[in-house]
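Encoded as structure tokens, the structure appears first; notes follow it.
What follows is calculated from the coordinates using simple rules that are stated; it is not laboratory data. Just so it is clear, the structure is predicted and the values come from calculations on it, not from any experiment. Backbone-built Cβ (ideal geometry, glycine too); neighbour counts: all protein chains shown.
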Amino acid sequence: MRSDRKPYPSIRQESNSDKMLSCRYELKYRIRETKARAIAQYLQSYISPDQYARKRPGHEYPISSLYFDSNDLHLCKETLEGRKNRFKLRIRCYDDDPQSICFFEIKRRIDTVIFKTRTRIPKVHLLDAIRGNMISSELYKRDRETLDQFNFYLQSLRANPILSVRYMREAYEGDSSNRVRITFDRELAFKAVDTPVVSVSGQGWHTVPMDFVILEIKFTDRYPCWLTDMVKIFDLKQTAMSKYVSSVKQSCNMGFCAPTCLMGTGDG
């Protein structure tokens, strides 16, 4: 596993007002709840709950993402096929306040590196942003570029809203320049949709059966020795886990999309 010996090439992290890790490595694990609780206890000696988690009971908060894809689920199938270079398109929110912000996100994987760009858009302007009607002067240059790229992908793929995916996140984060971020995701659920609406509650949600917690370790360059020790102590085995793909598969199993699109494929 990785440590301060820095076996991977260095990644430069871009500044961002919401402190998102925009360029990073990302390791995923499927672990039992008992191990998740033990790991959370272990890492609190080194890093703290993130700015959102520390305000909530159990250090958990809801995340809901509206995913866009083509009618033949092109982006989903790229993940299932294990394509090294791929991307996802989603709009993310953290509450149901109609006056709050949502985030238009492009999450790219280029080989082993994750590049994530996003722009903040008020929910009241969500439809205008998708239709390309946002007044450019309302956005900073970087936000305009991200939104333009998002809409370019939508048009190129003829992508539409496919699924909303929701889960509860317990998140911890370091404050060093090489920021380590560790998250535990639970209670995965989805809702088949055909309109661009983002919410964390409401009706129509279906549980994705999951007898494990999704542990993710994210870092920009290398992670510290204590994290290397943690991986060894808890015998963590890296695995693939896509919440979007898992939700699409469950949706197909329940008859919301054509199940043939996923026959003979893994979890990606």
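Enter the Cα centre distance for the pair the range 67-90 and the range 91-151, rounded to the nearest angstrom.
18 Å
Please arrange Ser246, Ser64 by how many other C-beta atoms lie within 10 Å of their C-beta, fewest to most.
Fewest to most other Cβ atoms nearby, the residues stand as Ser246, Ser64.
Starting from 0.36 nm per residue, how many nanometres of slack lie between Arg108 and Trp226 once their C-alpha separation is accounted for?
So the extension gain works out to 39.6 nm.
Taking every pair of alpha-carbon atoms in the range 46-113, what share in percent sits in each 10 Å bin, from 0 to the bin with the longest distance?
Over the range 46-113, the share of Cα pairs per 10 Å bin runs 17, 34, 30, 18, 1 percent.
What are the ³J(HN,Hα) couplings of the range 202-212, residue after residue, when phi is run through the Karplus curve with 6.51, -1.76, 1.60 and θ = phi - 60°? Round to Hz, x for glycine and proline.
Here the 3J(HN,Hα) series is x, 9, x, 7, 10, 6, 8, x, 7, 9, 8 Hz.
Under a 5 Å amide H to amide H cut-off, with H placed in plane at 1.01 Å, what residues pair with Cys257 once short-range neighbours are removed?
Here the answer is Cys252, since their amide H atoms fall under 5 Å of that of Cys257.
How do Cys225, Cys93 line up, fewest other C-beta atoms within 10 Å first?
If I rank by nearby Cβ atoms, fewest first, I get Cys225, Cys93.
Which semi-axis lengths, in whole Å and largest first, follow from the square roots of five times the eigenvalues of the Cα gyration tensor of the range 128-249?
Semi-axes from the Cα gyration tensor: 32, 23, 13 Å.
Amide H of Phe87 versus every other amide H placed in the peptide plane: which residues, excluding those fewer than 5 positions away on the same chain, fall under 5 Å?
Amide H neighbours of Phe87: Arg109.
Hey, rough spin-label estimate for Ser201 and Tyr52, points 7 angstrom out along Cα→Cβ, what's it come to in nanometres?
1.7 nm
With the Cα gyration tensor of the range 58-151 in hand, convert its eigenvalues to equivalent ellipsoid semi-axes via √(5λ) and list them largest first in whole Å.
The answer is 24, 18, 13 Å, longest axis first.
Hey, which lysines would be in cross-link range of Lys55, C-alpha to C-alpha under 18 Å, not counting anything within fewer than 8 residues on its own chain?
Lys19
Can you list residues from other chains, or at least 5 along the same chain, whose modelled amide H is less than 5 Å from the amide H of Cys102?
For Cys102, whose amide H was placed from the backbone, the distant partners under 5 Å are Ile121, Lys123.
Can you run phi through the Karplus equation (6.51, -1.76, 1.60; θ = phi - 60°) for the range 35-49 and list ³J(HN,Hα) in whole Hz, with x for Gly and Pro?
Calculated HN-Hα couplings, in order: 6, 4, 5, 5, 5, 4, 5, 5, 6, 5, 6, 10, 9, 10, x Hz.
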